[in-house]
Structure formats: C-alpha cells, structure tokens
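Structure first, commentary second.
Throughout, read-outs are computed from the coordinates displayed, never taken from laboratory work. None of these values were measured; they are calculated from a predicted model.
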Amino acid sequence: MLRYANLALLILFPVAWFAPLLRAGLLPLFGMSEISVISGLQSLWDTDVFLALLVTFFALFAPFLKTLGLALVQFGWLDRRAMPALTMLGKLAMADIFLIALYITIAKGIGVGRIEVAWGLYLFTACILASLGIGLLSYGKTAKPE
C-alpha cells in the first residue's frame, strides 16, 4: 500500500507545483493574482538567481527525488542503505513550506495588500507531509533486523 501511495505522489507533486498557493493583491479594490510554486520560481529567476536555485532545489528537486528514490527502494531497484539520504531529502523539502508560511505571516503582518491562501498550498503541504510519513513508515519496513 505504501508503494502505491508513494507513486501517487509522483503525480501529485507536479499538480501541486502548478496549483495556486495563494492569491495576492496590493489593494482590496484590485483583482487578486494567483501565485504558484512555478510562477514564484519564474519571478525569482528574474530577480535573484541564487535564491531561485535554492527554492528550486527545496520545492521541486528534493521532494521529487526523495519520492522517486523511495519508490526505487520499495520496488527493490535501489539498496535500502539509501534510506538515510532519502530521509534527509524529505526534511529539506519541508524548508520551503516554512518559507511560504513565513512570507504569508510577514505580508499579513505588514498590512500592505491582501493575501488569501489557496488550495494548492494545502495540496503541496499534504504532499510533503505524506512523503515524509511514507518515508518514515518505509524506513521501518526496510531497516535491517538486528
């Protein structure tokens, strides 16, 4: 069952990357523009390449590589000794959820404009947490008995 839940994440992660994380508007009178992981990364590439590289790693590569690596372990195509590295990738993927939450908190605290959380943030967070949980459960199942 864990194998198939993990494989589902390989489909859900790309959906979450394009889903709206939040809607932001400068003033309540103007329309709200939707921001996704991909649109946020596109904006970052134009302004700060180093930060764009970091966010790309944390938001796209870390969770996807961890999920793919875990699938390889679950199907016996990768040695279970890779599990600690995959667990670390899962923890790194949590960093971007923290950053998004921090940005929302700061923006709301400043009071400039309006921010609404969209369904993509919940999907993305659920994918990261599910990946972390599947990894933890799989680590126990693939660990060598003493």
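Quick notes on this structure:
- In sequence order, calculated HN-Hα J values of region 5-12 (Karplus, 6.51, -1.76, 1.60; Hz; x Gly/Pro): 4, 5, 5, 4, 5, 5, 8, 6
- Per-residue HN-Hα couplings for region 120-133 [Karplus 6.51, -1.76, 1.60; θ = phi - 60°; Hz; x = Gly/Pro]: x, 5, 5, 5, 4, 4, 5, 4, 5, 5, 5, 4, 5, x
- Table column - 3J(HN,Hα) (Hz), region 50-65, Karplus curve with 6.51, -1.76, 1.60, x for Gly and Pro: 4, 5, 4, 5, 4, 5, 4, 5, 5, 8, 10, 6, 4, x, 6, 5
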